[in-house]
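Some notes on the structure that comes next.
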Amino acid sequence: MFSQDFILRQVQQLTQALAVVLFHKQAGQDDEAQAALDESIEEALGIEPEALRRIDLPALLALCSASGSLLPDHALAVADLLQEDETASGRERALWLYEAVLEAGGAVPLDIYERLASLRASLLG
């Protein structure tokens, strides 16, 4: 039960952080948005943002897993936050997580394919 409560709190924290990041972006405060994103990664995930941006796929999936199973809600919350990252490596990790949740058969947002297409386009161009 403790583990589920911890994961739920972490997902809520990431969701709140996303709201702050989006607020700053809509206000044209890109530097503040990135600072909020970086701070949230460190607080919620316990990993430095630059380390998260360099992490490989297996380690990223492990970060969003418990007992060897991907936690779809957690992975989506991390992906949603990373989708707003100014760095290509952050957005690439968002893409990886969205794809992993799809592959695992987890519940996904209705616009998942648009998100994937947008991320792929931003990484190519």
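Hey, can you grab everything whose amide H is under 5 Å from the amide H of Ala66? Only 5+ residues off in sequence or another chain; H modelled, so Pro and N-termini drop out.
When sequence neighbours closer than 5 places are left aside, the close amide H contacts are Leu71.
Could you check how much of the accessible area of segment 1-53 is carbon and sulfur, as a whole percent, using a 1.4 Å probe?
54 percent
Which value, to two decimals, describes the C-alpha radius of gyration of segment 52-92 once divided by 2.2 N^0.38 Å?
1.13
Give me the three principal axis extents of segment 73-114 from the C-alpha atoms, as integers in angstrom, largest value leading.
Over segment 73-114, Cα extents along the principal axes are 28, 16, 14 Å.
Whole number in Å², please: accessible area per residue of segment 25-115, 1.4 Å probe, ligands, DNA and RNA not counted.
Computed with neighbouring chains in place, this is 51 Å² per residue.
Using mean Cβ contacts within 10 Å as the protection proxy, how do 19-27, 72-80 order, highest first?
Top to bottom by mean Cβ count within 10 Å: 72-80, 19-27.
Can you compute the helix-only [θ] at 222 nm over the chain? Use -39500 (n - 2.57) per DSSP H run of at least 4 residues, normalise by all residues, nearest 500 deg cm²/dmol.
The helix contribution divided over the chain gives -24500 deg cm²/dmol.
In percent, what relative contact order does segment 1-89 have, based on Cα pairs under 8 Å that are 6 or more apart in sequence?
The normalised contact order for segment 1-89 reaches 32 percent.
What do you get for Rg/Rh over segment 1-51 if you use C-alpha atoms and the Kirkwood form of Rh?
Rounded to two decimals, Rg/Rh equals 1.07.
Considering the options Leu119, Val20, Leu45, tell which one lies farthest towards the positive end of the dipole of the chain, charges being +1 on Lys and Arg and -1 on Asp and Glu at the Cβ, about the Cα centre.
Of the options given, the answer is Leu119.
Relative to the Cα centre, what is the charge dipole magnitude of segment 44-107, using +1 at the beta carbon of each Lys and Arg, -1 at the beta carbon of each Asp and Glu, and rounding to the nearest 20 debye?
Value, rounded to 20: 140 debye.
Run the dipole for segment 1-51 about the Cα centre, Lys and Arg Cβ at +1, Asp and Glu Cβ at -1, nothing else charged, and hand back the magnitude in debye, nearest 20.
Roughly 340 debye, rounded to the nearest 20.
What span do the alpha-carbon atoms of the chain cover on each of the three principal axes, reported in whole Å from largest to smallest?
Cα extents, longest axis first: 40, 28, 28 Å.
Arranged from highest to lowest average of other beta-carbon atoms within 10 Å per residue, in what order do the peptides 99-105, 4-10, 85-91 appear?
Output ranking for 99-105, 4-10, 85-91: 85-91, 99-105, 4-10.
The values are calculated or read from the model by the stated rules, or taken from the named source; none is laboratory data. Everything quoted here is computed from the prediction, not taken from an experiment. All Cβ positions, glycine included, derive from the backbone under ideal geometry; neighbour counts span all protein chains shown. Ligands, DNA and RNA are stripped out before the accessible areas are found, and what is left, the full protein with its side chains, is counted by its heavy atoms. Shrake-Rupley method; radii C 1.70, N 1.55, O 1.52, S 1.80 Å.
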